[in-house]
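K.L.:
Have a look at the structure that comes next, please.
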Amino acid sequence: MAEPGNTSATPSKPAPWNDPAVRSVVFQVVAVAAVAYFFYVIFDNTFTNMEKRGITTGFAFLDNPSGFGILMSLVEYDESHTYGRTFLVGLLNTVLVSFLGIIVATALGFTIGVARLSSNWIISKLAAVYIEVLRNIPLLLQIFFWYFAVLQVLPGPRNSFSWNEAVFLSNRGLFTPAPVFESGSSLIFGALVVAVVTVIAVANWARKRQETTGQQFHTVYVSIGILLGLPFLAFLVSGMPVSIDYPALKGFNFRGGIRIIPELMALLWALSFYTAAFIAEIVRAGILAVEHGQSEAAHALGLRPAPTLKLVVIPQALRVIIPPLTSQYLNLAKNSSLATAIGYPDLVAVFMGTTLNQTGQAVEIVAMTMAVYLTISLSISTLMNWYNKRKALVER
Amino acid sequence: MSETQANVQSAPDVSTLAVEIKDMHKWYGEFHVLKDINLEVKQGERIVICGPSGSGKSTLIRCINRLEEHQQGQIMVQGIELTDDLKKIDEIRREVGMCFQHFNLFPHLTVLENCTLALIWVRKMPKVQAEEIAMNYLERVKIPDQAKKFPGQLSGGQQQRVAIARSLCMSPKIMLFDEPTSALDPEMIKEVLDVMVELAHEGMTMLCVTHEMGFAKMVADRVIFMDVRQIVEENEPNEFFNNPQHDRTKLFLSQILDH
Amino acid sequence: MTNFREIADMPPPANTVGVVGWVRKNLISTPMNALFTFIGLYLVYLLLPPLLDWTVFSANFAGEDQTACTGTGACWVFIKARITLFMYGFYPSEEYWRMNLVFALLAATFLPQFFDAFPYKKVFGIFSVTGFPIIAYILISGGMLGLEHVETDRWGGLSLTLILSFVGIVAALPIGVVLALGRRSSMPVIRTMCIVFIELWRGVPLISVLFMASVMLPLFLPEGVTFNKLARAMIGIVMFQSAYMAEVIRGGLQAIPKGQYEAASALGLSYWKSMSFIVLPQAMKLVIPGIVNTFIALFKDTTLVLIIGLFDILGSVQSAIVDPVWRGVSTEGYVFAAMCFWVFCFSMSRYSMALERKLHTGHKR
């Protein structure tokens, strides 16, 4: 950058165009002005354009009845509900598929990541093949594959695959028996609560006893026993008040039971299988990041492989794993918006799709939808920064 | 498997050798890394192992607590033979402590937790008692005031002293040192060597891989020189330094002592 | 004790090396390991034979139409019959040579980058992001130099996928550099604006960005100014991509030691000079693997444009599948598209890994 000659400047104070503080203020003011002008033009154009199309701005449309049905809803919904309600329905469907997807992807991803590190050659290679195949194929293609190539070509309800005449799989979805809780079943839920409290108490007691006497206690097995045993006992005592509603073929489709629509299944499978491949790589890298010397030192102290993993390797690997793992969770939540492509009624499909088409309120709807995703992303990354700060290794 | 109380130092059985290695060979894949190793270490003996890098010193002492496995020959530690048997490996690792070149402290645990970890999970000791023992050894290595800090907050010399205390907490009968001072700045070497000398004077059986010849002269009962992945010669320190037998030894000594 | 004699290297015991040693160590070292081997082999037995049977042994390769597909396996005839659709979309067939020429040129400018010894890497590199896009645009779009104009809605197939990802990456790069520098700027207003921009795009799904580009962008523009569907999608992709690019480049900037900045200032270089001569050249080298990785992600993400009505390769496959002329060929179509993506993404990820390894060792020295 060529500078103009500034021999006339006094030594104590530079000429304003050479003063870095002045320059920086001027530069920032110009930048703000430019951005402000840019937004002014956009807003101006938008208002003119919307006026011309006869669209009233504002969020009043949210109170109008929607007039369209939605394939699947976790809350009560029909055509008479408002557009505001469609937002809620879509949001809940997004949350549902993201939540289920995160659980499946985590379980699968950790298993495959550990398998990838297995000393067994075949297991390790099979895991590698899974990872390399799944993560290098676009997610949308995988969703299409499960939906159009697998689920859509399943036989109709009359010829559906069934397992013990209780679980049915057809092109209408997966039907499973649903538990029906009759009166008196509150005892079972009560027992479950008691079991959870007991398990926490036992874990506390075991830790205290271990600290004072050194004796170890199989907390895990006992906890599982309590968690399963107490509700079962309550179930027997209260006279078995839970019946099971089996799906049954009535006319052209099944009635009763729980129905998982094929759109949800395809989306869930694709999201979990795809994300699991990335999680597996993260887990592998996290475990490899713990230096070999750490487990050697633990072995030299006489720790067996299992406690070495639990006490030394996993706590250190988790620090490496958790930040990228959360960003995978975020990706999964954002990718769930691909639901639109196969018609699973998530937030983007219902709200940014159908509602936008019907009302034309593009600005409001796009802003609301983006705000939802932004809120999720920003709150999780804030949480992550807090976690990282808390868990960072203390060093000089 | 007898559960000895960790804080009661049971007198070593003098009749059994601490370490006995017979005709031992080891390969990494096709690579012959240890050839025909024969070594006997009596209870309470202090052995220094030296030699040029790549001569197999570290591999040798890592075989003694089975961080490496050997393919041929026999290794007996406190009368127990090292095989694939997990129980025997457990037993031997309780008898043998080890200090590493890079300390290998657990960075996610405090100094005190580093020391009590094995006491609690291997010796199954109450936490209070384990902490008492750990503090005792931290005092002996002169850093009790650092107990609540994390390893990353300590200097190299302090970290290595924590590592020594961590091993001593398990009251081992044998201590292995794998170049304990070679990752340290010069001014920190002394503080670690002081601790090791003190340990030697207390009668601990020690095998040290080190280039600290001053340490070797002061405390070693025997010096072992390794080269080309074999034991070339062994002798008591005076003889070893003043009257080396083999040309390789002379060459090595001239290289490390001449400057 | 001077009975030392040097022992020659001996071969290890037979059961620890060779095939036997390998099998013992990797497959049956413990009963658990042997069980895993058994499970693994069973899985392979379960998956591999049917897969091979479907793709090769029972598949139909020869023929023209549906009637040729008689076997129980894959109907590759479908792919053969529709290959031009998958490659070029609805691009006029007599103009295919223009697409071919562009991609040959692309290969010719990019392939030399993979060879260390090639002397004109820099010239070719600069050409590939400056001259090449112009030539490519003229060739593909036409309308000048006697070339017939081809509307963008006729572009499609694999070539559209490549165009979208190439434009996405090349246009996002300079914006990403500016954003990354802005995010590390000492001026609070500039820094805040860059952070807001980056986090805004990174926080929302690409599909919502594409929706925004296709329904909101027309509202933003003054009367009479319009963009076609493809241009709108490209704007969305570039905005989205530049935010990710900025974060990758910021990583590289952070990896440059403070001493480099200080040395540049000590030599009297201004901010822009020290950035463009000292810091950025080093940082860009460090972030190439990261850029390749974002490119892979973008390459896969371009499939989303089919949701707003463009026909990339997946879009073309989808349209061919629903075409009633062919029935029950969806799996073949998806497998073909998957193979195309897989070959590109897998080889690029291997390339980026190799680069990373090279950089890593280079820095150690």
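The values are calculated or read from the model by the stated rules, or taken from the named source; none is laboratory data. Since the model is a prediction, treat every value here as computed from it, not as a measurement. Positions of Cβ are generated from backbone atoms using ideal geometry, with glycine treated the same way; all protein chains shown enter the neighbour counts.
K.L.:
What are the residues in region A:339-361 that are in a helix (DSSP H, G or I) and in contact (Cβ under 8 Å) with a residue 24 or more places away in the chain, if any?
P.N.:
Looking only at region A:339-361, we keep the residues that are in a helix (DSSP H, G or I), and these are A:339-341, A:347-359.
A:339, A:341, A:347, A:348, A:349, A:350, A:351, A:354, A:355, A:358, A:359, listed by residue number.
K.L.:
When you look at residue A:130, is it aromatic (Phe, Trp, Tyr), crowded, with 21+ Cβ neighbours inside 10 Å and more than 8 Å from every other protein chain (Cβ to nearest Cβ), yes or no?
P.N.:
Numbers: aromatic (Phe, Trp, Tyr): yes; crowded, with 21+ Cβ neighbours inside 10 Å: no; more than 8 Å from every other protein chain (Cβ to nearest Cβ): yes.
Here the answer is no, as residue A:130 does not meet what is asked.
K.L.:
Do we find that residue C:45 is within 30 Å of residue C:28 (Cβ to Cβ), modelled with pLDDT of 80 or more and either more than 14 Å from chain A (Cβ to nearest Cβ) or loosely packed, with under 14 Cβ neighbours inside 10 Å (or both) in this structure? Working first, answer last.
P.N.:
On the way: within 30 Å of residue C:28 (Cβ to Cβ): yes; modelled with pLDDT of 80 or more: yes; either more than 14 Å from chain A (Cβ to nearest Cβ) or loosely packed, with under 14 Cβ neighbours inside 10 Å (or both): yes.
Here the answer is yes, as residue C:45 does meet what is asked.
K.L.:
Just checking, which of C:163, C:175, C:140 is within 14 Å of the chain's Cα centre (by Cα), of a type outside the set (Gly, Ala, Ser) and in a helix (DSSP H, G or I)?
P.N.:
Every option except C:163 fails the conditions.
K.L.:
Counting only residues that are within 12 Å of chain A (Cβ to nearest Cβ) and out of contact with any helix residue (DSSP H, G or I) (no Cβ under 9 Å at 6 or more places or on another chain), which one in region C:226-270 is nearest to residue C:312 (Cα to Cα)?
P.N.:
Looking at the filtered set, the residue picked out is C:270.
K.L.:
Filter region A:139-159 down to residues that are at pLDDT below 85 and either closer than 13 Å to residue A:267 by Cβ or touching an Asp or Glu at 6+ places or on another chain (Cβ under 6 Å) (or both), then give me how many there are.
P.N.:
So the answer is 0.
K.L.:
Output the number of residues of region A:249-273 satisfying the condition of being over 20 Å from residue A:345 (Cα atoms) and modelled with pLDDT of 95 or more.
P.N.:
1
K.L.:
Scan region B:157-166 and tell me whether some residue there is of a type in the set (Gly, Ala, Ser), in a loop (DSSP other than H, G, I, E, B) and either surrounded by fewer than 22 Cβ atoms within 10 Å (Cβ to Cβ) or over 13 Å from the mean Cα position of the chain (by Cα) (or both).
P.N.:
The answer is no, given that none of the residues of region B:157-166 is of a type in the set (Gly, Ala, Ser), in a loop (DSSP other than H, G, I, E, B) and either surrounded by fewer than 22 Cβ atoms within 10 Å (Cβ to Cβ) or over 13 Å from the mean Cα position of the chain (by Cα) (or both).
K.L.:
Something else: So if I check each of A:327, A:336, which one is under 16 Å from the mean Cα position of the chain (by Cα) and either surrounded by fewer than 18 Cβ atoms within 10 Å (Cβ to Cβ) or among the acidic types (Asp, Glu) (or both)?
P.N.:
Checking each option against the conditions leaves just A:327.
K.L.:
Answer with yes or no whether residue C:333 is more than 16 Å from residue C:169 (Cβ to Cβ), more than 18 Å from the chain's Cα centre (by Cα) and within 11 Å of chain A (Cβ to nearest Cβ).
P.N.:
So residue C:333 fits the description; yes.
K.L.:
Another question, then. Run down C:308, C:288 and say which single residue is surrounded by fewer than 22 Cβ atoms within 10 Å (Cβ to Cβ), of a type in the set (Val, Ile, Thr), under 25 Å from residue C:238 (Cβ atoms) and within 14 Å of chain A (Cβ to nearest Cβ).
P.N.:
Selected residue: C:308, the only one of C:308, C:288 that is surrounded by fewer than 22 Cβ atoms within 10 Å (Cβ to Cβ), of a type in the set (Val, Ile, Thr), under 25 Å from residue C:238 (Cβ atoms) and within 14 Å of chain A (Cβ to nearest Cβ).
K.L.:
To continue, here is another question. Could we say that residue C:274 is over 22 Å from residue C:198 (Cβ atoms), surrounded by 14 or more Cβ atoms within 10 Å (Cβ to Cβ) and within 14 Å of chain A (Cβ to nearest Cβ) here?
P.N.:
Taking the combined requirement at face value, the residue satisfies it.
K.L.:
Still on this structure, I have one more. For region B:69-101, how many residues are farther than 14 Å from residue B:176 by Cα and within 10 Å of another protein chain (Cβ to nearest Cβ)?
P.N.:
8
K.L.:
Under the condition of being under 20 Å from residue B:44 (Cβ atoms) and aliphatic (A, V, I, L, M), which residue from region B:218-259 is farthest from the chain's Cα centre (by Cα)?
P.N.:
For region B:218-259, the residue satisfying everything is B:218.
K.L.:
From the list A:324, A:315, A:307, which one is assigned to a helix (DSSP H, G or I), more than 14 Å from chain B (Cβ to nearest Cβ) and not basic (Lys, Arg)? Let's see the steps before the verdict.
P.N.:
Numbers: A:315 fails: more than 14 Å from chain B (Cβ to nearest Cβ); A:307 fails: more than 14 Å from chain B (Cβ to nearest Cβ).
Answer to the selection: A:324.
K.L.:
Okay, moving on. Return the only residue of C:209, C:204 being without any contact (Cβ under 8 Å) to a residue 12 or more places away in the chain, buried (at least 19 other Cβ atoms within 10 Å of the Cβ) and not assigned by TED's automatic domain parsing to the domain that holds residue C:107.
P.N.:
Numbers: C:209 fails: without any contact (Cβ under 8 Å) to a residue 12 or more places away in the chain.
Just a single option satisfies the conditions, and that option is C:204.
K.L.:
Next question, about the same structure. For residue A:110, only one of the following conditions fails: (1) away from chain C (no Cβ under 14 Å); (2) buried (at least 19 other Cβ atoms within 10 Å of the Cβ). What is its number?
P.N.:
(2)
K.L.:
Within the bounds of region A:249-256, is there any residue that is without any contact (Cβ under 8 Å) to a residue 60 or more places away in the chain, surrounded by fewer than 20 Cβ atoms within 10 Å (Cβ to Cβ), among the basic types (Lys, Arg) and in contact with a strand residue (DSSP E or B) (Cβ under 9 Å, 6 or more places away or on another chain)?
P.N.:
yes
Condition check ((1) under 30 Å from residue A:391 (Cβ atoms); (2) free of Cβ contacts under 8 Å to residues at least 24 places away in the same chain; (3) at the interface with chain A (Cβ under 8 Å from one of its Cβ atoms)) across all residues:
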| site | (1), (2), (3) |
| --- | --- |
| B:105 | yes, no, yes |
| B:132 | yes, yes, no |
| B:140 | no, no, no |
| B:160 | yes, no, no |
| B:170 | yes, no, yes |
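K.L.:
If you check residue C:249 against the conditions, is it buried (at least 21 other Cβ atoms within 10 Å of the Cβ) and more than 30 Å from residue C:154 (Cβ to Cβ)?
P.N.:
Spelling it out, residue C:249 is indeed buried (at least 21 other Cβ atoms within 10 Å of the Cβ) and more than 30 Å from residue C:154 (Cβ to Cβ).
K.L.:
Here is a further query. May I ask you to list the residues in region C:1-41 that are more than 26 Å from residue B:38 (Cα to Cα), of a type in the set (Ser, Thr, Tyr) and either part of a loop (DSSP other than H, G, I, E, B) or in contact with a Ser or Thr (Cβ under 6 Å, 6 or more places away or on another chain) (or both)?
P.N.:
Within region C:1-41, C:29, C:30 meet the criteria.
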